[in-house]
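To start, the structure itself, in structure tokens.
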Amino acid sequence: QVQLVESGGGLVQPGGSLRLSCTASGSILSINVMGWYRQAPGKEREFVAALTSRGSTNYADSVKGRFTISRDNARTTVYLQMDSLKPEDTAVYYCLMKSGYEYWGQGTQVTVSS
């Protein structure tokens, strides 16, 4: 059974950086999209960033220019580099890998606070 394991969350001051990682524990054939979503307290889960199998990227307007999505050469790990973090970035971040099925990570908490 495939599981996505996330790491890299934590507490950071405004203006700081964090790098999230998400690795598939098993083999996922033909991953079309790797992505990140987030959910803040009292809010719905929202799209953050996506990376297609062809290398195209897409970002939510709120994170453009500050966040960067990437993957490893083996295409088993997806990263989210988060720079210039703001308090409104505080949320639980979830990774997603899509083939003919959607696989979700368990979520990792990111807190931006002074």
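Side notes on the structure shown:
- Summed over the range 35-47, the residues that are closer than 14 Å to residue 67 by Cβ and not small (Gly, Ala, Ser) give a count of 5.
- Any hit, the range 46-69, residues being of a type in the set (D, E, K, R) and open to solvent by less than 60 Å² (accessible area, probe 1.4 Å): yes
- Some residue of the range 27-37 being open to solvent by 50 Å² or more (accessible area, probe 1.4 Å) and modelled with pLDDT of 95 or more: yes
- Picking from residues in the range 70-95 that are buried (at least 16 other Cβ atoms within 10 Å of the Cβ) and among the hydroxyl-bearing types (Ser, Thr, Tyr), the one that is modelled with the lowest pLDDT is 76.
The values are calculated or read from the model by the stated rules, or taken from the named source; none is laboratory data. These numbers come from a predicted model, not from an experiment. Using ideal geometry, Cβ is built from the backbone for each residue, glycine included, and neighbour counts are taken over all protein chains shown. Side chains are part of the model used for accessible areas, which takes the heavy atoms of the whole protein and leaves out ligands, DNA and RNA. Shrake-Rupley method; radii C 1.70, N 1.55, O 1.52, S 1.80 Å.
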